[in-house]
Amino acid sequence: MPKEIKKELSLRVFHKDELDEEVRLLVDKARHTANNARAPYSNFKVGAAVLLEDGKVVLGNNQENAAYPAGLCAERVAFFAASANHPKSKILKVAIVALQMDANENNIPAPCGSCRQVMSEYEVEQNTPIEVYLTGGKGDILMSESIDNLLPFKFSVEQLS
Ligand code: THU
């Protein structure tokens, strides 16, 4: 039998009343900025609120384009903005909220593979885990204690050498 390498995904499920004040505010900010997403093609609006170590919050939302692949997810808009404007600040937490306009507001946005890859590199570089909170417009919040938990087998800079 070949040896198996196994790693389990671990998520916590919170009711919104169980969140601490800081995270509740972060989720509210992500929800608010999701409303400003540019999503005329998918109608799937996503907002991301990034909390930095100095308490600053950087927002991003998905930006779609008629040339579809040119658009960008909320998570990358927020992480790139945080890195561009606060390059020395660690990222401690990110809240990601999806508002599906025409259907299920309980739809939880599982970050896409490219966003996991991007968020992961910031996490590895800063050597501090980034907590992730995921929720639809309503309903429970899923929490991952790190990006690594969402992307355990990742491409990284070591592989380039
Ligand atoms: N999207 C995000 O912004 N974040 C996610 O976590 C999932 C997907 C966006 C990309 C696209 O604008 C729309 O949602 C539908 O895929």
### Task
Kindly check whether there is at least one residue in region 128-138 that is within 16 Å of the ligand (Cβ to nearest atom), more than 13 Å from the chain's Cα centre (by Cα) and not β-branched (Val, Ile, Thr).
yes
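Kindly indicate which of ILE108, ILE141 is under 30 Å from TYR41 (Cβ atoms), surrounded by 13 or more Cβ atoms within 10 Å (Cβ to Cβ) and at pLDDT 90 or above. Can you show your working first?
Numbers: ILE108 fails: at pLDDT 90 or above.
Result of the check over ILE108, ILE141: ILE141.
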### Query
Can you tell me which residues in region 73-92 are buried (at least 19 other Cβ atoms within 10 Å of the Cβ) and not in a loop (DSSP other than H, G, I, E, B)?
ALA74, GLU75, ARG76, VAL77, ALA78, PHE79, ALA82, ILE91
#### Entry: Matching residues, region 121-138, being more than 16 Å from LEU11 (Cα to Cα) and modelled with pLDDT under 95
GLY137, LYS138
### Query
Which one is surrounded by the fewest Cβ atoms within 10 Å (Cβ to Cβ) among residues in region 24-51 that are at pLDDT 95 or above and out of contact with any strand residue (DSSP E or B) (no Cβ under 6 Å at 6 or more places or on another chain)?
PRO40
### Message
Being assigned to a helix (DSSP H, G or I), over 13 Å from VAL132 (Cβ atoms) and of a type in the set (A, V, I, L, M, F, W, C) is the requirement here; does ALA30 meet it?
### Response
no
### Task
Look at SER89 and say whether it is within 12 Å of the ligand (Cβ to nearest atom) and either small (Gly, Ala, Ser) or within 17 Å of ASN36 (Cβ to Cβ) (or both).
no
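Can you tell which of ALA48, ALA98 is under 13 Å from the mean Cα position of the chain (by Cα) and under 23 Å from GLU125 (Cα atoms)?
Answer to the selection: ALA48.
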### Selected residue (only one of ILE108, ILE130 is more than 25 Å from ILE5 (Cα to Cα) and of a type in the set (A, V, I, L, M, F, W, C))
ILE108
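Which count do you get for residues in region 41-74 that are within 7 Å of the ligand (Cβ to nearest atom) and either among the hydroxyl-bearing types (Ser, Thr, Tyr) or touching a residue at least 40 places away in the same chain (Cβ under 8 Å) (or both)?
5
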### Query
Has region 103-113 got at least one residue that is touching a residue at least 60 places away in the same chain (Cβ under 8 Å) and outside any loop (DSSP other than H, G, I, E, B)?
no
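The values are calculated or read from the model by the stated rules, or taken from the named source; none is laboratory data. Note that the structure is a prediction, hence the values are computed from the model and not measured. Cβ: placed from backbone, ideal geometry, glycine included. Neighbour counts: every protein chain shown.
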